[in-house]
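Taking it in order: structure first as structure tokens, then the write-up.
The values are calculated or read from the model by the stated rules, or taken from the named source; none is laboratory data. Everything numeric in this text was worked out from a predicted model, so none of it was measured. Ideal geometry is used to build each Cβ from the backbone, glycine not excepted, and the neighbour counts take in all protein chains shown.
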Amino acid sequence: MTKKIVKRIIGLIFFFGILGNLSAQNKHMKQEILKKIELNSFNNRIGLEMGLAILNLSKERNQNIAVKVERLNHTIFLFVDDNLPADKHLWLRRKANVTKHFEESSLSVKNDLINGNMTLEKTFALDEKEYLAKGGSIPIFVENAGMIAIITVSGLHDEEDHKIIIEALKGKYIE
């Protein structure tokens, strides 16, 4: 199945309530999840600024994180804190793979999977060694161009990975 068909099926399932009743908290949380960052333009300098903004916020908070900003064909910014496990770059790649595949944030995909009682492997035939549906990866879309880049964080709880991206970029890149 193509990504668009899968997205429509999931959307219809949610729309018709087949997934069952979500708690008020889950409904509220789902509405708050940023699925993508939308910009008028994007270039490598903007990617660098985004990566540095997230890194600086993590340093202010004494948080050890890994950050990667990538276009769809090359890396713009990569930092892995010395205090993180050596395999943290694999977590970045696996989260970003989910974002690339579904063209929405990995946290949004995680919640869709949980609420739909689905898995990446059984429902979408995606190898969980290559795909990780945990928060911390958000696609960057450019108006009239589509998805052009991905920003990914790992090292904190997955919802905090997602949140630090938003907090660091709020105002300048996120409304």
#### Entry: Unique match (being surrounded by fewer than 19 Cβ atoms within 10 Å (Cβ to Cβ) and under 11 Å from the mean Cα position of the chain (by Cα)) among LYS172, LYS122, LYS129, LYS100
LYS100
#### Entry: Any hit, the range 109-132, residues being of a type in the set (A, V, I, L, M) and touching a strand residue (DSSP E or B) at 6+ places or on another chain (Cβ under 7 Å)
no
### Task
Look at ILE151 and say whether it is closer than 20 Å to GLU70 by Cα, assigned to a helix (DSSP H, G or I) and in contact with a Gly (Cβ under 9 Å, 6 or more places away or on another chain).
no
### Query
Right, ASN117: exposed (fewer than 14 other Cβ atoms within 10 Å of the Cβ), out of contact with any Phe, Trp or Tyr (no Cβ under 6 Å at 6 or more places or on another chain) and at positive phi or not?
yes
### Task
Tell me which residues, restricted to the range 58-83, are within 12 Å of VAL153 (Cα to Cα) and in contact (Cβ under 8 Å) with a residue 40 or more places away in the chain.
SER58, GLN63, ASN64, ILE65, ALA66, VAL67, LYS68, VAL69, GLU70, ASP81
### Task
Scan the range 97-129 residue by residue and report those that are within 19 Å of ILE151 (Cβ to Cβ) and part of a loop (DSSP other than H, G, I, E, B).
GLU103, GLU104, SER105
### Message
Residues to consider are ASN144, ASN64; find the one that is among the polar types (S, T, N, Q), part of a loop (DSSP other than H, G, I, E, B) and modelled with pLDDT under 95.
### Response
ASN144
### Message
Kindly evaluate LEU169 against the criterion of being of a type in the set (A, V, I, L, M) and either closer than 20 Å to ILE114 by Cβ or free of Cβ contacts under 8 Å to residues at least 24 places away in the same chain (or both).
### Response
no
### Summary
Reported set for the range 132-155 where residues are among the aliphatic types (A, V, I, L, M) and buried (at least 19 other Cβ atoms within 10 Å of the Cβ) is LEU132, ALA133, ILE138, ILE140, ALA149, ILE150, ILE151, VAL153
### Message
Take ALA53 and tell me if it is under 12 Å from the mean Cα position of the chain (by Cα), outside any loop (DSSP other than H, G, I, E, B), hydrophobic (A, V, I, L, M, F, W, C) and at negative phi.
### Response
no
### Query
If you check LYS134 against the conditions, is it among the basic types (Lys, Arg), assigned to a loop (DSSP other than H, G, I, E, B), under 19 Å from LEU34 (Cα atoms) and at pLDDT below 95?
no
